[in-house]
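The values are calculated or read from the model by the stated rules, or taken from the named source; none is laboratory data. For clarity, every value in this text was computed on a predicted model and none was experimentally measured. Every residue, glycine as well, gets a Cβ built from its backbone with ideal geometry; the counts of neighbours run over all protein chains shown. Areas reflect the complete protein model, heavy atoms only, side chains present, ligands, DNA and RNA absent. Shrake-Rupley method; radii C 1.70, N 1.55, O 1.52, S 1.80 Å.
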Amino acid sequence: KGHGVEKSVYIQKGKIVFAASSDPDDRLGELLLTRGVITREQMEQASARVGTGKRLGTILVEMGFLPASDLPRWVMEQVKEIIFSLFSWGEGDFRFEPGPLPSGEVITLNIPSAEVFLTGLRRVQKWSVLRKGAGDIQIPYRLAPDFRQLLRNVRLEKEEESLLHLLESGCRTMEDAARHSSLTTLFVYQIFYAFRVLGVLLPTGDTPD
């Protein structure tokens, strides 16, 4: 909970399977509108019928504004966007509640948890968040022996692969990585943060000079 809204992430057997949000900007209609899938008029017409007990997505399909075959993909996109939005939060409260998943609502995300972290942290633009999570810019890190196994189901971008190759050449600090690559300092912070969370990067225990 933070920023005046509450977001929920549902986890089953260690995998993120669903997410929900009280933020109006996270609603399916807003997502479809910003992506240019529906018009403002179409959303308003469909929203007026939400009180009938049907979900907005179902109403959009029934009104012919959205192909039925496209609805699952956009619901999936909505869930991912809710999850990714959490990475930029600098503060908030959280609680863990064990129990059954909400029936009739859960969909299975078709992306590994490692990719969730990488994609989410790529979107973080706040230096305050990145500095806190990425660590000291001069602390040397090394790749975990099983780092490829940890990333086995992740689709890496070419910039991430180039950073991995640089790290394979020896222990590197974020300062080294930014200096010896063509990557921006912001990107290096993002990926160091993600790789640390995933256990791909481990501190060497050495003291910075």
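Considering segment 139-149, the residues that are open to solvent by less than 80 Å² (accessible area, probe 1.4 Å) and at pLDDT below 90 include one that is nearest to the chain's Cα centre (by Cα), namely Tyr141.
Screening Asp136 with (1) within 24 Å of Ser113 (Cβ to Cβ); (2) part of a loop (DSSP other than H, G, I, E, B); (3) open to solvent by 50 Å² or more (accessible area, probe 1.4 Å) gives one miss only, at (1). Only residues that are in contact (Cβ under 8 Å) with a residue 12 or more places away in the chain, assigned to a loop (DSSP other than H, G, I, E, B) and either of a type in the set (Lys, Arg) or open to solvent by 40 Å² or more (accessible area, probe 1.4 Å) (or both) were counted across segment 158-181, and they come to 2.
Filter segment 11-34 for residues that are modelled with pLDDT under 85 and not small (Gly, Ala, Ser); which is farthest from Ile82 (Cα to Cα)? Applying the filter and picking the extreme gives Lys13. Cβ-Cβ contacts under 7 Å between residues 6 or more apart (or on different chains), taken from a first residue in segment 131-142 that is farther than 17 Å from Gly199 by Cα and in contact (Cβ under 8 Å) with a residue 60 or more places away in the chain to a second residue that is open to solvent by 50 Å² or more (accessible area, probe 1.4 Å) and among the acidic types (Asp, Glu), are listed as Gln138/Glu175. If you scan segment 1-24, which residues turn out to be open to solvent by 70 Å² or more (accessible area, probe 1.4 Å) and under 16 Å from the mean Cα position of the chain (by Cα)? Of everything in segment 1-24, those that are open to solvent by 70 Å² or more (accessible area, probe 1.4 Å) and under 16 Å from the mean Cα position of the chain (by Cα) turn out to be Ile11, Lys15.
The criterion of at least 3 residues that are open to solvent by less than 50 Å² (accessible area, probe 1.4 Å), of a type in the set (A, V, I, L, M, F, W, C) and touching a Gly at 6+ places or on another chain (Cβ under 8 Å) is met, among helices (runs of 4 or more DSSP H) falling completely within segment 33-88, by 71-85.
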